[in-house]
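To start, the structure itself, in structure tokens.
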Amino acid sequence: MPVKRVYPVPSDIEIAQSAELIPVVEIAESLGLVENDLDLYGKYKAKVHLDVLERFKDRPNAKYIDVTAITPTPLGEGKTTTTIGLTQALGTVLGKRVMCCIRQPSMGPTFNIKGGAAGGGYSQVIPMEDFNLHLTGDIHAIGVAHNLVAAALDTRMFHESRQSDEALKRRGIDRRLDIDPDTIMWNRVVDVCDRSLREIEVGLNDAELSPIFPRRTGFDITVASELMAILALATSLKDLRERVGRVVVAMDKKGNPVTLEDMKVAGAVTVLLKDALMPNLMQTLEGQPAFVHAGPFANIAHVLLAPPPSHGLLQDVFDPAVHTPHFLLR
């Protein structure tokens, strides 16, 4: 569906809001998906169930184009704009069956000097406002899960510093972790650029005072969470659960790593992320499918673990490669 171009070129928001949107169910149908494969979030965005991977596993391999890091132009065209533009060129001009796969933006940069990450000009994913603001809540899920770990960490140290072994057992704690506060490597997170929270002290309440509290910590931006990097790599709920359990948050006083499995919060974290694991389906300005999954910062925190699977419909949605790539499939 070609877009009528106007000169001089209007602003990004004007272009996005003037576009003719296609219901996401129709976008899904163009890929061979049915409505039962989707969790709808309104008329123009949806999550795709992971079990479609099994259904399409016998399909012939697709081709993929990996758009890696490039130096943006003065107007900011980088990986996302290039990826979406190529998708539209292959789909609209050459008639290829094509989809693009990009990450969703953090609201920190969105409200900062950088702005959103839906592309630009006539190379955008729409609805642009939905894409840039919350989308389906995946980043919020990461934030809640990450901060649950931070709260559990401080609570565990607090109770171990004040309770006997018998009292701890009554609270469901069968062994002490003896966490060394100086080795904690897990800050809290917030999805805005709030400079004043970079370094803080916690445990200032009189009821919290102990040899451990108050202690210095800080806030990172949510999308820099290790959980976001794990989400980008996970290929199934089982895989996500195993990866989360292996996360190291601190060392004990003997120098041994303390994991989320040790803290008994890995299951809770996984449940909080179960919907975020499903990729989001949207569309380009010219009506090509656009998968949106995981977030920035974390998408350069790891390398490709294995060659990306080329079978079926959702190739590469869950396997970001090194250097913040986007994937374009046909």
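Computed from the coordinates by the stated procedures, all read-outs in this text should not be read as laboratory data. Keep in mind that what you see is a predicted model, and the values were worked out from it rather than measured. As a convention, Cβ positions derive from the backbone with ideal geometry for all residues, glycine included, and neighbour counts pool all protein chains shown.
If you add up the charges near residue 216, with Lys and Arg at +1 and Asp and Glu at -1, over every other residue whose beta carbon is less than 15 angstrom from its beta carbon, what do you get?
-4
Which value in Å is the Kirkwood Rh of the range 138-272 over different Cα pairs?
15.6
Can you list, bin by bin at 10 Å, the percent of alpha carbon pairs in the range 70-177, starting at 0?
P(r) for the range 70-177, in whole percents per bin: 12, 28, 20, 13, 13, 11, 3, 0.
How compact and how long is the range 148-199, expressed as Rg and Dmax of its alpha-carbon atoms in Å?
Every Cα atom of the range 148-199 included, Rg and Dmax give 14.2, 44 Å.
Starting from 0.36 nm per residue, how many nanometres of slack lie between residue 158 and residue 49 once their C-alpha separation is accounted for?
35.2 nm
Pairs of Cα atoms under 8 Å, at least six residues apart: use those to get the relative contact order of the chain, whole percent.
Once divided by the residue count of the chain, the mean separation gives 30 percent.
Under the √(5λ) rule applied to the eigenvalues of the Cα gyration tensor, what semi-axes describe the equivalent ellipsoid of the chain? Give them in Å, descending.
The equivalent ellipsoid of the chain has semi-axes of 41, 22, 16 Å.
Quick check on my link table: of 57/238; 45/96; 79/238; 238/274, which ones sit more than 20 Å apart, alpha carbon to alpha carbon?
Result: 45/96; 79/238 exceed 20 Å.
For the range 1-133, state what percent of all Cα-Cα pairs lands in each successive 10 Å bin, counting from 0 Å until the bin that includes the largest distance.
Spelled out per bin, shortest first, that is 10, 37, 38, 13, 1.
State, as an integer percentage, the relative contact order of the range 138-272 based on alpha-carbon contacts under 8 Å between residues 6 or more apart.
Relative CO of the range 138-272 lands at 30 percent.
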